[in-house]
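Okay, so here's the structure we're looking at.
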Amino acid sequence: MKLYYSAGACSLSPHIALEEAGLKYEAISAPTKTKVLPAGSDHRKANPMDSVPYRELDDGTRLRE
């Protein structure tokens, strides 16, 4: 699972929930100002709503706000 987050956004609660549940996940910074993921792509391609947090499950399903 991937958790896309941005500092200062409402990303803390899903992060805490994943930690408390002991689930494995990859935290990926998706800055709301620059829109650029660490890999260099635009995060709006993965999430057209342009919001964080959102999760991408291992099967490709995306869960948004």
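The values are calculated or read from the model by the stated rules, or taken from the named source; none is laboratory data. Note that the structure is a prediction, hence the values are computed from the model and not measured. Note that we place each Cβ from the backbone using ideal geometry, even for glycine, and neighbour counts take in every protein chain shown. Just the protein is used for accessible areas: all its heavy atoms, side chains included, with ligands, DNA and RNA removed. Shrake-Rupley method; radii C 1.70, N 1.55, O 1.52, S 1.80 Å.
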Considering only residues that are open to solvent by 70 Å² or more (accessible area, probe 1.4 Å), of a type outside the set (S, T, N, Q) and either part of a helix (DSSP H, G or I) or touching a residue at least 60 places away in the same chain (Cβ under 8 Å) (or both), which ones fall in the stretch 1-14?
Leu12
Would you point out which residue out of Glu20, Glu26 is acidic (Asp, Glu) and within 21 Å of Gly60 (Cα to Cα)?
Glu26
Of the residues in the stretch 34-53, those that are of a type in the set (Gly, Ala, Ser) and modelled with pLDDT of 80 or more come to Ala39, Gly40, Ser41, Ser51
Within the stretch 15-54, tally of residues that are part of a loop (DSSP other than H, G, I, E, B), open to solvent by less than 40 Å² (accessible area, probe 1.4 Å) and within 13 Å of Lys2 (Cβ to Cβ):
7
Count of residues meeting criterion [in a loop (DSSP other than H, G, I, E, B) and basic (Lys, Arg)] in the stretch 55-65:
1
